[in-house]
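Following: one structure in structure tokens, then a few remarks.
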Amino acid sequence: MNRIFFDERNAPQAIAFTGHRILTPEERAEADLRLYEFVSQAANLGTREFICGGALGFDTAAELAVLKLKREYPDVRLRLFLPCREHYKYWSQADAAVFEEILRLADSAEYANEKYFRGCMQMRDRAMVDASEMLAAWLRADEMTGGTVYTVRYALKHGVRVVNLIGDIENE
């Protein structure tokens, strides 16, 4: 793909991620490639803080890309902003094991609340955007509802630059 996401004038200090929970195997493979290319470019230009929300799908792919990047850039930080401590208790055993390893390797984890309540996901999403200068999204052009759309709209409303790694939208 070799898309240029940054130049020296606009590399952010902190980048948050949002995307769909369900990715086809083809989408996941493409997301993995684009995410690593994206975080590598950002780190090469000085970005050291990456913020992820701990969800299945795109969030997991972003977290794994950042952890892989930490091998080259040990000063890169993975911050997890999570809705609540038990947010993954109904996940499959395999997905929960992957998340627990991500949680163990992350530099920090912050919780919107100790226990689940209606609205804790959106509280987490707002906190991620508020702590970042850029939001990297995996947002399909035909999907205009859900958490990813909510987070992208919140970022745009608050002046946070949004880059859609699918390539359909960008607010530059």
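The values are calculated or read from the model by the stated rules, or taken from the named source; none is laboratory data. Quantities reported herein were computed from a predicted structural model and do not represent experimental measurements. Every residue, glycine as well, gets a Cβ built from its backbone with ideal geometry; the counts of neighbours run over all protein chains shown.
For the criterion of being surrounded by fewer than 22 Cβ atoms within 10 Å (Cβ to Cβ), over 20 Å from Leu105 (Cβ atoms) and free of Cβ contacts under 8 Å to residues at least 40 places away in the same chain, Ala43 fails.
Residues in the range 129-165 that are surrounded by 15 or more Cβ atoms within 10 Å (Cβ to Cβ), free of Cβ contacts under 8 Å to residues at least 40 places away in the same chain and among the hydroxyl-bearing types (Ser, Thr, Tyr): Tyr150, Tyr154. Can you pull out the residues in the range 1-28 that are at pLDDT 95 or above and either of a type in the set (Lys, Arg) or surrounded by fewer than 19 Cβ atoms within 10 Å (Cβ to Cβ) (or both)? Scanning the range 1-28 gives a single hit, Ala14.
Residues in the range 63-95 that are in a helix (DSSP H, G or I), out of contact with any Ser or Thr (no Cβ under 9 Å at 6 or more places or on another chain) and buried (at least 19 other Cβ atoms within 10 Å of the Cβ): Glu63, Leu64, Val66.
The single residue among Gly53, Gly57 that is touching an Asp or Glu at 6+ places or on another chain (Cβ under 6 Å) and either within 29 Å of Ala11 (Cβ to Cβ) or of a type in the set (Asp, Glu) (or both) turns out to be Gly53. Per this entry, Phe38 is not counted among residues that are of a type in the set (Phe, Trp, Tyr) and in a strand (DSSP E or B). With respect to Arg126, is the statement that it is over 29 Å from Glu26 (Cβ atoms), surrounded by 16 or more Cβ atoms within 10 Å (Cβ to Cβ) and touching a helix residue (DSSP H, G or I) at 6+ places or on another chain (Cβ under 9 Å) true? Yes. Return a yes/no flag: does the range 120-132 have any residue that is within 19 Å of Thr18 (Cα to Cα), in a loop (DSSP other than H, G, I, E, B) and modelled with pLDDT of 95 or more. There is at least one residue in the range 120-132 that is within 19 Å of Thr18 (Cα to Cα), in a loop (DSSP other than H, G, I, E, B) and modelled with pLDDT of 95 or more.
Apart from one condition, Leu69 fits all of (1) closer than 29 Å to Gly119 by Cβ; (2) touching a residue at least 24 places away in the same chain (Cβ under 8 Å); the exception is (1). Here Leu56 meets each of (1) closer than 20 Å to Ile166 by Cβ; (2) in a helix (DSSP H, G or I) with one exception, condition (2). You will find that of Phe58, Phe99, the residue that is surrounded by 15 or more Cβ atoms within 10 Å (Cβ to Cβ) and in contact with a strand residue (DSSP E or B) (Cβ under 8 Å, 6 or more places away or on another chain) is Phe58 and no other.
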